[in-house]
1. For the pair residue 4 and residue 52, how long in nm is the line joining their label points, each one 7 Å along Cα→Cβ?
2. Rounded to the nearest 500, what is the 222 nm mean residue ellipticity of the chain from helices alone, with -39500 (n - 2.57) per DSSP H run of 4+ residues and division by all residues?
3. If you count, for each residue, the other Cβ atoms within 10 Å and average over each peptide, how do 179-188, 65-74 line up from highest to lowest?
4. Can you put 176, 167 in order, fewest other beta carbons within 10 Å first?
5. Going by how many other beta carbons lie within 10 Å of each one, how would you line up 96, 173, 61, 155, fewest first?
6. Taking R0 as 35 Å, what's the FRET efficiency between residue 151 and residue 77 from their Cβ-Cβ distance, rounded to 0.05?
7. Just one of (1) 161; (2) 271; (3) 105 is volume of the Cα convex hull per residue in Å³ as worked out from the coordinates here. Which one is it?
8. Compute the normalised compactness of the range 81-189: alpha-carbon radius of gyration over 2.2 N^0.38 Å, N being the residue count.
């Protein structure tokens, strides 16, 4: 007979099998305590026995492959970043949020005008340094003039940025290093290379 429900031995609540973690020794192939109770017990034990918890975490971490840990960490960061981008895109479409953001930017600019001007000068200097003397400036101007509505011109490899692996990169201000990105996506990129760079 298939079991679809069971009672938690900790809180004595009858719950579906999905509320229990898999276990080879448990009734119905599930743990005797529900996930919520297991989490509460683990949190309590961590608070009561911090040294044992640290030692157990160290043993568990030592068994894991560093390459797998790094890959999982990158995947989790990319997933969270994409979810945050989508949230910001949807939130930015709301009129009251968009108008409030514009007012905040204008207020900050008015209160910090010297810093804003200095940042602009630093940005222009960085662009001039990254543009080789042999580059066709007319082609770059055409790219900026042909920018679609709602998009911004972005450097594929940032002038000063980092790769997904954490390496520092410095791109050039040349036509083949420019692309069009939606405004929100460009703002959330934060001078990062979205794709791995071949060494």
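1. 3.9 nm
2. Taking each H run of at least 4 residues, the total per residue is -17500 deg cm²/dmol.
3. Most protected by this proxy first, the peptides run 179-188, 65-74.
4. Arranged by neighbour count, lowest to highest, 176, 167 become 176, 167.
5. Result, fewest neighbours first: 96, 61, 173, 155.
6. Computed FRET efficiency for residue 151 and residue 77 comes out at 0.90.
7. Read-out from the structure maps to (2).
8. For the range 81-189, the normalised Cα radius of gyration is 1.23.
All of the numbers you see were taken from the coordinates with simple rules; none came from a lab. Since the model is a prediction, treat every value here as computed from it, not as a measurement. Cβ atoms come from the backbone with ideal geometry, glycine included; neighbour counts cover every protein chain shown.
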